[in-house]
Amino acid sequence: MSKTQAVQHQYSHCPYPPLEAGELPGILPPASSWEFAHYYCSHQSTNNRAPLILDAGCGTGFSTLKLARANPQAQIIAVDLSAPSLSLAKERFKQANCSLEQIQFIQADLQALTLNHQFDYIYCTGVLHHLPQPRLALESLRNHLKPQGLAAIMLYNPHARQEIRAIQHILHSLWHDKKDLQEGLMLCRIFFKGLPEAHPFSQLYQKHQAVITQELGEKFAHSDAFLVDTYLQICEQEWDLRTWWNLFAETGWQILRFNDEESWLPAPYLPGLPDYYQQLSWRERCCLIDPLRRDNNYLFFVGQNSQNWQQPTLIFTEDTIPQRSPLIQVSLLADGYLCLENRLGKKLELAPIARQLWEQIEGQDNWKTLIERCIQPSENSPNQLIQALKNCAQQLLQGYFVWNSLN
Ligand SMILES: C[S@@+](CC[C@H](N)C(=O)[O-])C[C@H]1O[C@@H](n2cnc3c(N)ncnc32)[C@H](O)[C@@H]1O
């Protein structure tokens with residue numbers, strides 16, 4: 001059995017994610033919206049409300065349903081290697097009362113994709129690190145992207161997975177027949193049951209169970225599919241950011257922005273060393289932060305490196321220009337508070353001070369002049385007010401209610 005066949009075998013016997021049809025949390029991740037991704041990466045609103053989207057490695061269609069909800073007019077093609085996962089994905093769509101005209105499910109290997117389409121947006125989360133040859137997949141995905149198209153990529157952060165990798169190594173060494181997932185599952189359950197409670201791996205397992213139960217339910221946390229995907233995984237590349245970055249560059253991609261940009265800033269990790277890190281390029285800075293920034297996976301947006309991409313910013317700096325996001329709805333609550341909701345389902349009630357900022361945003365040269373305009377004599381000191389307004393600005397930016405552009 002080839003490595004790709006082994007991955008197919010694993011996900012055909014244990015489709016992932018093991019979520020029952022019909023379940024979808026209220027808040028959609030920003031990256032599931034093509035309009036968001038387009039604005040975030042190019043700093044321009046798109047006129048294309050009906051993009052062609054590829055969900056590359058769609059699994060049981062949970063990510064696909066999020067894409068359908070966040071992009072109601074899109075045409076979506078969802079590809080996976082595992083036929084049982086695709087069947088569950090179709091069922092998920094039926095139960096969610098989504099039009100099946102919007103979506104096409106195709107069984108194919110991303111490492112040798114030959115679809116007769118060029119996509120505006122490719123969404124590929126939790127997949128590339130499970131491929132024996134990610135390079136081939138990156139090449140074929142890039143060949144399926146329109147020149148100005150974008151892709152959102154989620155990859156494991158190997159620094160956050162060292163203990164999981166150690167557990168995988170132990171279980172793999174004990175496991176006789178890797179095709180026999182029931183044997184692997186039996187070993188896994190006996191292993192965790194027998195470990196002393198104080199052992200770090202036991203603690204990690206308890207932590208996973210608690211977090212997954214809270215986020216996705218107890219059934220998910222105890223499911224075969226979760227145990228197989230996490231502790232018995234047949235193929236997991238342990239690549240760090242630099243390795244991925246090189247691979248993307250070599251296959252014609254350019255990393256444009258991280259989804260969680262704040263966590264890639266050096267200042268919180270290296271407060272005494274700005275003179276040193278400021279001399280580094282953005283790429284070198286990110287690679288430096290990579291082992292310091294422990295928890296989150298990598299989630300970033302990429303485009304073809306033959307294109308001319310400018311670098312906008314969502315991070316608050318006083319000299320950037322604030323602009324209301326095109327993705328929001330505004331409503332006035334009975335108590336006079338203003339409520340903003342973006343199309344991804346995220347809500348924010350604006351306190352009076354934030355409301356002032358919000359109402360005066362249009363036509364300002366930059367955040368500094370906007371904040372100065374909003375400061376009025378009060379009992380608070382000007383410094384306290386400035387800080388409060390800056391906090392509001394951060395909150396608006398982080399919730400994607402406001403965009404930022406450079407002069
Ligand atoms: C961890 S799941 C992620 C599912 C989905 N993207 C999500 O975020 O919920 C990984 C998926 O990648 C699929 N996969 C693995 N190798 C593949 C390949 N070579 N071609 C297509 N799909 C593949 C698996 O079948 C599995 O459904």
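Cβ contacts < 6 Å: first residue touching a residue at least 24 places away in the same chain (Cβ under 8 Å), restricted to the stretch 109-120; second residue more than 16 Å from the ligand (Cβ to nearest atom), any location; separation 6+ or different chain. Result?
Gln118/Lys146; Phe119/Leu52; Phe119/Leu145; Phe119/Gly149; Asp120/Pro51; Asp120/Leu52; Asp120/Lys146; Asp120/Gly149
Filter the stretch 239-275 down to residues that are within 16 Å of Pro291 (Cβ to Cβ) and at pLDDT below 95, then give me how many there are.
The total comes to 9.
Limited to the stretch 201-259, what total is found for residues that are part of a loop (DSSP other than H, G, I, E, B) and within 23 Å of Ile170 (Cα to Cα)?
Taking the stretch 201-259 first, the residues part of a loop (DSSP other than H, G, I, E, B) are 217, 222-223, 232-240, 251-252, 259.
Then drop every residue that is not within 23 Å of Ile170 (Cα to Cα), which leaves 222-223, 232-240.
Qualifying residue count, the stretch 201-259: 11.
Within the stretch 59-105, how many residues turn out to be over 21 Å from the mean Cα position of the chain (by Cα) and over 24 Å from His130 (Cβ atoms)?
10
Specify the residue that is farthest from Asp260 (Cα to Cα); the eligible residues are those in the stretch 1-16 that are part of a loop (DSSP other than H, G, I, E, B) and touching a Gly at 6+ places or on another chain (Cβ under 8 Å).
Pro15
Mind counting the residues in the stretch 98-130 that are part of a strand (DSSP E or B), open to solvent by 30 Å² or more (accessible area, probe 1.4 Å) and more than 9 Å from the ligand (Cβ to nearest atom)?
Qualifying residue count for the region: 3.
What are the pairs, 6+ residues apart or on separate chains, where a residue within the stretch 46-70 that is of a type in the set (Lys, Arg) has its Cβ under 6 Å from a residue that is within 13 Å of the ligand (Cβ to nearest atom) and assigned to a helix (DSSP H, G or I)?
Between residues of the stretch 46-70 that are of a type in the set (Lys, Arg) and residues that are within 13 Å of the ligand (Cβ to nearest atom) and assigned to a helix (DSSP H, G or I), the close pairs are Lys66/Ser32.
Taking Ile27 and the conditions (1) among the β-branched types (Val, Ile, Thr); (2) farther than 23 Å from Glu101 by Cα; (3) open to solvent by less than 20 Å² (accessible area, probe 1.4 Å), which numbered condition does it fall short on, given that it satisfies the others?
(3)
Filter the stretch 324-368 for residues that are of a type in the set (A, V, I, L, M) and assigned to a loop (DSSP other than H, G, I, E, B); which is surrounded by the most Cβ atoms within 10 Å (Cβ to Cβ)?
It comes out as Leu344.
Of the residues Arg165, Arg135, Arg161, which is outside any strand (DSSP E or B), within 13 Å of the ligand (Cβ to nearest atom) and charged (D, E, K, R)?
The unique qualifying residue is Arg135.
Would you confirm whether any residue within the stretch 35-54 is part of a helix (DSSP H, G or I), within 11 Å of the ligand (Cβ to nearest atom), of a type outside the set (Lys, Arg) and open to solvent by less than 10 Å² (accessible area, probe 1.4 Å)?
no
For residues in the stretch 131-177 being open to solvent by 30 Å² or more (accessible area, probe 1.4 Å) and basic (Lys, Arg), which is nearest to His43 (Cα to Cα)?
Step by step, filter the stretch 131-177, then rank; the result is Lys146.
Any idea how many residues of the stretch 100-145 are in contact with a strand residue (DSSP E or B) (Cβ under 7 Å, 6 or more places away or on another chain) and basic (Lys, Arg)?
Residues flagged as in contact with a strand residue (DSSP E or B) (Cβ under 7 Å, 6 or more places away or on another chain) and basic (Lys, Arg) within the stretch 100-145 amount to 1.
Being within 14 Å of Leu327 (Cα to Cα) and part of a loop (DSSP other than H, G, I, E, B) is true for just one of Leu28, Leu19. Which residue is that?
Among Leu28, Leu19, only Leu28 is within 14 Å of Leu327 (Cα to Cα) and part of a loop (DSSP other than H, G, I, E, B).
For Ile361, work out the one condition from (1) at pLDDT below 85; (2) among the hydrophobic types (A, V, I, L, M, F, W, C); (3) under 22 Å from Tyr40 (Cβ atoms) it doesn't fulfil.
(1)
Give the number of residues within the stretch 1-22 that are surrounded by fewer than 20 Cβ atoms within 10 Å (Cβ to Cβ), more than 8 Å from the ligand (Cβ to nearest atom) and either farther than 23 Å from Ala96 by Cα or at pLDDT 95 or above (or both).
7
Find the residue count for the stretch 273-318, including only residues that are assigned to a loop (DSSP other than H, G, I, E, B) and either open to solvent by less than 70 Å² (accessible area, probe 1.4 Å) or among the hydroxyl-bearing types (Ser, Thr, Tyr) (or both). Break it down stepwise before answering.
Start the filter on the stretch 273-318 by keeping residues that are assigned to a loop (DSSP other than H, G, I, E, B), which leaves 273, 278-281, 290-297, 305-318.
Narrowing further to those that are either open to solvent by less than 70 Å² (accessible area, probe 1.4 Å) or among the hydroxyl-bearing types (Ser, Thr, Tyr) (or both): 280-281, 290-291, 293, 297, 306-307, 309, 312-318.
Residues meeting the conditions: 16.
The values are calculated or read from the model by the stated rules, or taken from the named source; none is laboratory data. Keep in mind that what you see is a predicted model, and the values were worked out from it rather than measured. Note that we place each Cβ from the backbone using ideal geometry, even for glycine, and neighbour counts take in every protein chain shown. Heavy atoms of the whole protein, side chains included, go into the accessibility calculation; ligands, DNA and RNA do not. Shrake-Rupley method; radii C 1.70, N 1.55, O 1.52, S 1.80 Å.
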